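Reading through the structure tokens given below for one structure.
Only the coordinates and a few stated rules stand behind these numbers; no lab work does. No experiment lies behind these values; they were computed from the predicted model shown. No Cβ is skipped: glycine too gets one built from the backbone with ideal geometry, and neighbour counts run over all protein chains shown.
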Amino acid sequence: MIEVGQEAPDFTLRDQNNEEVTLSSFRGDQAVLLIFYPLAFTGICTGELCVVRDDLSTFQNDDVQVMTISVDSVYSHKIFSEKEGYDFPLLSDFWPHGGVAQAYGVFNDVTGFSNRGTFLVDKDGIVRFAELNGPGEGRDPDDWRTAIKAL
């Protein structure tokens, strides 16, 4: 897994609106909170993203951009974001299957989707917070709030 102090691997993925989003395009302007999750429409994943939705100004503002990533297709993300009212990018790591999750060391070869990895990447592209939870293990968004405040 990518560790604190390492440079975050760059990527370009499509969001729920089929728009390309490139991590390095935020360098110098905003930190990025990357939230890898296993699959759309599942209980723990939906709950975690709803916490972000319900307190969006803490997680996404002038200083920080939220990006979520799963192996689901752009089309699944579109329906998921509309159903749940997510106003942040849901990025599709569909093809090559889990390629970005693999680059970050959070892809689960047994299940075929990513584990719950979270990374806070600063404005210089350096990872300042990293965590990894396995399938069925929820995360504590308070840890993300603390990491964002520490930037």
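Values as computed for the structure displayed
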| read-out | value |
| --- | --- |
| Sequence-distant aspartates and glutamates (8 or more away, or on other chains) whose Cα lies within less than 18 Å of LYS78 | ASP15, GLU19, GLU20, GLU48, ASP87, ASP93 |
| Coil-residue chymotrypsin sites (Phe, Trp or Tyr not before Pro) of the stretch 3-80, DSSP, other Cβ within 10 Å capped at 15 | PHE41 |
| When the convex hull of its Cα atoms is projected in every direction, mean area for the stretch 76-151 (nm²) | 6.1 nm² |
| Net lengthening on full extension, PHE41/ASN18 (0.36 nm per residue, minus Cα-Cα) | 6.4 nm |
| Theoretical FRET efficiency, 1/(1+(r/R0)^6), r = Cβ-Cβ of ASP29 and MET1, R0 22 Å, to 0.05 | 0.25 |
| Residues of type lysines that LYS123 reaches as a straight line, Cα spacing below 17 Å, ignoring anything fewer than 8 places off in the same chain | LYS149 |
| Antiparallel content of DSSP bridges confined to the chain, in %, to 5 | 65 percent |
| Global size of the stretch 25-74 as Cα Rg and Dmax, reported in angstrom | 11.8, 35 |
| Among THR46, THR68, THR111: highest mean-square fluctuation, GNM of the chain, C-alpha pairs under 10 Å | THR111 |
| Percent of C-alpha pairs per 10 Å bin, the chain, short to long | 12, 47, 38, 3 |
| Stretch gain in nm, segment ASP142-ASP55, where the contour uses 0.36 nm per residue and the Cα spacing is subtracted | 30.2 nm |
| Sequence-separation-based contact order of the chain, relative, with Cα cut under 8 Å and 6+ spacing, percent | 32 percent |
